[in-house]
Amino acid sequence: MEKPSLIIGTDHGGFELKEAVVAHLKSNGYEVEDIGCYSTESVDYPDYANRVASAVVSGEKDLGILCCTTGIGMSVAANRFPGIQAAVVTDADLAAKTRVHNNTNVLCLAGRWNHVDHSYHDPTG
Ligand code: RB5
């Protein structure tokens, strides 16, 4: 089966996660367009959500991935686009479930509060 075309964007809060996701995807044979950002310097997350959502809505890309500190801002911004179903997920099972059950076409990930980043512990609980 042909692999879907992917586009990924992030703000500064998801930069490190985005780098890891891009490396993981490429090592598994996926082609992914990385629209940035490219450092932890502060940027506005809706700019990246808009670009990723536009590429998916237009059909230029099959699926999008967005990262920010929480994943929530990106999902809210992306879901403003008719034709986008964006969901924040915290582990691989939820990612698979929402793709199959909700036809999600934009995956939103948190630079913190995901179950991959075992090094983070929220002191406020
Ligand atoms: C940026 O500080 C932060 O607001 C952003 O990364 C995102 O989590 C918003 O929902």
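The values are calculated or read from the model by the stated rules, or taken from the named source; none is laboratory data. Quantities reported herein were computed from a predicted structural model and do not represent experimental measurements. When we count neighbours, we look across all protein chains shown, and the Cβ atoms used for this are built from the backbone with ideal geometry, even at glycine.
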Is one or more of the residues making up region 39-52 hydrophobic (A, V, I, L, M, F, W, C), touching a Cys at 6+ places or on another chain (Cβ under 8 Å) and over 20 Å from T98 (Cα atoms)? yes
Have a look at V88, V57 and point out the one that is under 20 Å from G13 (Cα atoms) and among the aliphatic types (A, V, I, L, M). V88
Taking region 52-71, which residues are of a type outside the set (G, A, S) and crowded, with 17+ Cβ neighbours inside 10 Å? V52, V56, V57, K61, L63, I65, L66, C67, C68, T69, T70
When A92 is evaluated against the numbered criteria (1) over 11 Å from the mean Cα position of the chain (by Cα); (2) within 16 Å of the ligand (Cβ to nearest atom); (3) among the small types (G, A, S), which criterion, by number, is the only one it fails? (2)
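Let's see how each residue does on (1) among the small types (G, A, S); (2) under 13 Å from G111 (Cβ atoms); (3) touching a Ser or Thr at 6+ places or on another chain (Cβ under 7 Å); (4) surrounded by 20 or more Cβ atoms within 10 Å (Cβ to Cβ):
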| residue | (1), (2), (3), (4) |
| --- | --- |
| G14 | yes, yes, yes, yes |
| A20 | yes, yes, no, no |
| A23 | yes, no, no, no |
| S27 | yes, no, no, no |
Please find, within region 51-83, the residue that is farthest from C108 (Cα to Cα) out of those that are within 16 Å of the ligand (Cβ to nearest atom) and assigned to a loop (DSSP other than H, G, I, E, B). R80
Of all residues in region 1-39, how many are within 11 Å of the ligand (Cβ to nearest atom) and free of Cβ contacts under 8 Å to residues at least 40 places away in the same chain? 2
Which listed residue is surrounded by 14 or more Cβ atoms within 10 Å (Cβ to Cβ), in a loop (DSSP other than H, G, I, E, B) and at pLDDT below 95, from T124, T104, T90: T90
Condition check: small (G, A, S), modelled with pLDDT of 95 or more and over 12 Å from the mean Cα position of the chain (by Cα). Does G59 satisfy that? yes
